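Student: Mind looking over this structure? Questions follow.
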């Protein structure tokens, strides 16, 4: 037991140390990519809390990502808020949106839940376009360099941006590791494995699932708000269906219900698209083939397959 | 018997379409007894206990548990109030470890030393050495035992066992009987059981259900001697 705990912490702190060191080794191009991957991985980690651990397959997480992105962006652009306050508001917006959607959507389950969350997200996307005078619609909002200063650090600077993305990623990873190893994490998994059984152990399925969805929304909101601040752009495309599907792909590729899976999936998918689009314009075909191979040979994702083949301690 | 009544059901009714699964049942459980519920297949036994534990909503009638009206209480809240139900079809978490299974029950009642109390609960049924195995890899008998252990770990006031000895070997049944005898009078046990030897051996009182209604209630001897029960059920 303690031996496993040591392995778990060694692995996760090792990954964080490697990411911290990578900043000094990698060329600038990959630095920018990795910063983006780390923020997207936070989004995927949030998705994984709902999908991988609690068994809630949402097709509307772009709504929570978008809530964080626009919550932050509109407060900066329209109300002149500082980066810190706007970031906090963006995170809260993600959680609040998940709470509102969850209260309604969690009355359904399975395919109905997928459809209801998808509908909510589409409604959110169309709302952004409808209020173009405030949201700037498809054109989006560019966040001024002057507004992208957090605690005295200029987030538009490449080095600072990497560290900011890393700090968010590290915090999200460690909180999630603690969460899934906590008693509440065990109850989330119990909901995924057998809801009726869990109910007869005294757990209220609705409350447990709602709590997991709100946590998931907070992660998505944090990722959205950070993405806007770090890369200086808030656009409606980030609230579109594509951004609901992306974290699902990341999580499936890396391994649903694993702590590091979302990061691994995000990194692989990002570079797969990057490499494929250098070779062919049909880069989505390459992504499709990769997913087919995955479903055929490792349906539990890369880390899920490793966990089945000996690494049982992998959280 | 001047025993304290733990649970009382009055005129409890549940129909499924034209089927009168449970039809106006009055039922009392004395605190600390082992009470068996028997009856032919389709008599409404599982539906009746499902009404008691809240898995099936009550159509009409009322249930009082420990002085409190629980007729409209949701199932999870009844578990918290002290009614534990073990499933007829084993419903453990097959893909989680044995320890995680039991820990989910232990932490539900709010334990201060989760790991130690979980191991103690496994030890009680002799599964401590298998704590790290996946529950789905246990033998069938051990899975049933884990199911019962999860019910016990909730430390309920009332433990409802739905056909607990089904599929068990004779040696396992003996161990199971000892286990159940050991939990009373701290807990009250309501047992649905087809194995008449187990029923006659364990139960202090027996209620016979037939077509959703109570045919008779009494001690094992009274039930054995009851002509109505004999014709309806024991094939006398």
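The values are calculated or read from the model by the stated rules, or taken from the named source; none is laboratory data. Everything quoted here is computed from the prediction, not taken from an experiment. Cβ atoms come from the backbone with ideal geometry, glycine included; neighbour counts cover every protein chain shown.
Student: Which residue pairs have Cβ atoms closer than 6 Å, lie 6 or more positions apart in sequence or on different chains, and pair a first residue in the range B:85-98 that is within 7 Å of chain A (Cβ to nearest Cβ) and in contact (Cβ under 8 Å) with a residue 60 or more places away in the chain with a second residue that is surrounded by fewer than 22 Cβ atoms within 10 Å (Cβ to Cβ) and part of a loop (DSSP other than H, G, I, E, B)?
Tutor: If the second residue must be surrounded by fewer than 22 Cβ atoms within 10 Å (Cβ to Cβ) and part of a loop (DSSP other than H, G, I, E, B), no pairs are left.
Student: Does at least one position in the range A:37-48 carry a residue that is outside any loop (DSSP other than H, G, I, E, B), surrounded by 17 or more Cβ atoms within 10 Å (Cβ to Cβ) and out of contact with any helix residue (DSSP H, G or I) (no Cβ under 6 Å at 6 or more places or on another chain)?
Tutor: No, the range A:37-48 has no match at all.
Student: Here is a further query. Has the range A:176-185 got at least one residue that is more than 14 Å from chain B (Cβ to nearest Cβ), within 30 Å of residue A:28 (Cα to Cα) and crowded, with 22+ Cβ neighbours inside 10 Å?
Tutor: Within the range A:176-185 (the criterion being more than 14 Å from chain B (Cβ to nearest Cβ), within 30 Å of residue A:28 (Cα to Cα) and crowded, with 22+ Cβ neighbours inside 10 Å), the answer is yes, since at least one residue qualifies.
Student: Do any residues in the range A:1-28 that are more than 13 Å from residue A:170 (Cβ to Cβ) have Cβ atoms under 8 Å from those of residues that are modelled with pLDDT of 85 or more and not in a helix (DSSP H, G or I), where the two are at least six apart or on different chains, and which pairs are they?
Tutor: The qualifying pairs are A:8/A:181; A:11/A:260.
Student: Now for a different question. Taking residue B:107 as meeting all but one of (1) assigned to a helix (DSSP H, G or I); (2) in contact with a helix residue (DSSP H, G or I) (Cβ under 9 Å, 6 or more places away or on another chain); (3) more than 10 Å from every other protein chain (Cβ to nearest Cβ), write down the number of the exception.
Tutor: (3)
Student: Taking helices (runs of 4 or more DSSP H) that do not extend beyond the range A:156-206, which have at least 3 residues that are in contact with a helix residue (DSSP H, G or I) (Cβ under 9 Å, 6 or more places away or on another chain), modelled with pLDDT under 95 and under 30 Å from residue A:35 (Cβ atoms)?
Tutor: A:158-180
Student: Same structure again: Given A:219, A:250, which one is away from chain B (no Cβ under 14 Å) and at pLDDT 95 or above?
Tutor: Exactly one of A:219, A:250 is away from chain B (no Cβ under 14 Å) and at pLDDT 95 or above, namely A:219.
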